[in-house]
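The values are calculated or read from the model by the stated rules, or taken from the named source; none is laboratory data. The structure presented is a predicted model; accordingly, all values stated were derived computationally and were not measured. Glycine gets a Cβ as well: all are built from the backbone with ideal geometry, and neighbour counts include every protein chain shown.
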Amino acid sequence: MLSDRLSEKAPAKTHGGASRALAAWGLGGFVILGLPDGMLGTAWPSMRHTFHQPLSSLGQILVCALVGNLSTSVKTGALIRRFGVGKLLVFAGLIAAAGAALIAFAPLWFMVLIGSVLLGAAAGLLDTGLNTVVALSGRLRLLNLLHGAYGVGSALGPLVITVAILWTSFRPAYVLLIGLELLLAYGWWRTGSHWLPKEPDPSSPADAVDAPPSAVEPERPHMKLLIGLGVMVFFFYTGLEVTGGVWAASFFRGPLGLSAAAAGPAVFVYWGSLTLARFAIAIPKQLPNPGTLVRIGCAGGLVASALIWWSPSVPVVIIAFAVMGATLAPVFPSLVTLTPVRIGNERAHHAIGWQIAAANVGAAGISGLVGIILSHAGLRALGPALLVIAVALVMCNAALEVFSRPTSRLDRDPDVESELA
């Protein structure tokens, strides 16, 4: 069983070193994972003019990244069993470097699309692999730190692109990404041998130390519906988060009239608030209830979307994006942490992979659909589009809580919070 293999304990010294290596390189990996996501939206106004593409062609990049992501994320569990975490992540770094190279040096549009497929495939391996490993150990604090590290990359992305554009074009930013991906692949290669799992000893109590509180498979009256609703929440959540980040630069430069130099820092506010909030949540000794964090995020996304639609002034819109980033920040790691608690470890092996896949479908699909809407209705339609996504997120999460409440120990027992820390 995958959870047995991932939670298997080696001797104390080796296990401690492996855990530190996994955490350190995981944080670095998520920073680099966030960079291209943060770079793309800010690079797009310049990139589309370079390749003579319409506004809606951003959707082609997102769909290509989605195809690559889905091709790997739904198979990550099986790939970990066969090759181990270390080798899998070395491969992810190498194909990401190849994808970044295609975008950096592409003379033709189709090469950008191929590069996007490769970057998506690499992201699927890294994102799904590390989320599964950490979620099955029930470590909400580390999940928040990992996603906070993703936010660091996403926040730095607009600034990196802005500097590159002011210097020459978007291309130097992707050259930098090549070097970072190769460095990450080298790091995985150097430390990957520590993560090769041995067969667990069922008689050893050490094998159960990191098991989350739902290790015993619970009975659920509406299990399929519960899993389906969980997938839909991930779909709409990432749709909201990524759509806001990807189209923010175009919104600031279009209807709000900001320059390229001013739009980059404005987008940085969104990703920066998301990042700071994730790290801030991981600081307290007693972590907030994950279910409460999800509710706050849903409400914050709703309010922020309404303010962006209203758009009374540039400062108000910037504040609205900051509110959206800060409140949405803990939603993804909290949802991942809640999955084994709500449906049990064995089902979570497969469900987390499908949730990550749904998250990427939402990120690419909803962002691409919004791009088509904006190309026809104008960039001012971004606010109403975000509000519709936020309403769908609120409704799906409310339904998920209704069906999971009778069996969710996090909502019944406050002591479980300390177990997940």
**Request:** For the stretch 346-353, indicate whether the set of residues that are among the acidic types (Asp, Glu) and either crowded, with 24+ Cβ neighbours inside 10 Å or modelled with pLDDT of 90 or more (or both) is non-empty.
**Result:** no
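Do any helices (runs of 4 or more DSSP H) entirely within the stretch 231-342 hold 3 or more residues that are modelled with pLDDT of 95 or more and over 18 Å from the mean Cα position of the chain (by Cα), and if so, which? Write out each step before concluding.
Values: elements: 260-282, 290-310, 314-328.
Per the criteria, 290-310, 314-328.
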**Item:** Answer residue from the stretch 68-90, given it is under 30 Å from ILE373 (Cβ atoms) and under 16 Å from the mean Cα position of the chain (by Cα) and is surrounded by the fewest Cβ atoms within 10 Å (Cβ to Cβ) among those
**Value:** VAL74
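Go through SER116, SER169 for me and flag whichever is touching a helix residue (DSSP H, G or I) at 6+ places or on another chain (Cβ under 8 Å) and not in a helix (DSSP H, G or I).
Values: SER116 fails: not in a helix (DSSP H, G or I).
Only one candidate qualifies: SER169.
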**Request:** Scan (1) farther than 22 Å from TRP167 by Cβ; (2) surrounded by fewer than 19 Cβ atoms within 10 Å (Cβ to Cβ); (3) of a type outside the set (Asp, Glu); (4) touching a residue at least 12 places away in the same chain (Cβ under 8 Å) for the single condition SER46 breaks and write down its number.
**Result:** (1)
**Message:** Which numbered condition in (1) more than 23 Å from LEU328 (Cβ to Cβ); (2) out of contact with any Cys (no Cβ under 9 Å at 6 or more places or on another chain); (3) in contact (Cβ under 8 Å) with a residue 24 or more places away in the chain is the only one that ALA123 fails?
**Reply:** (1)
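Being among the aliphatic types (A, V, I, L, M) and in a loop (DSSP other than H, G, I, E, B) is the filter; apply it to the stretch 206-230 and report the residue that is modelled with the lowest pLDDT. Give the derivation first.
Just the residues of the stretch 206-230 that are among the aliphatic types (A, V, I, L, M), to begin with: 206, 208-209, 211, 215-216, 223, 225-227, 229.
Those still in the list that are in a loop (DSSP other than H, G, I, E, B) too: 209, 211, 215-216.
On the way: VAL209: 31, ALA211: 38, ALA215: 42, VAL216: 47.
The selected residue is VAL209.
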**Prompt:** Restricting the first residue to the stretch 172-190 and requiring it to be at positive phi and crowded, with 24+ Cβ neighbours inside 10 Å, which pairs with a second residue that is of a type outside the set (Lys, Arg) and at pLDDT below 90 meet a Cβ separation below 9 Å and a spacing of at least six or different chains?
**Reply:** none
**Message:** Would you confirm whether or not the stretch 127-144 contains a residue that is hydrophobic (A, V, I, L, M, F, W, C) and within 30 Å of ALA381 (Cα to Cα)?
**Reply:** no
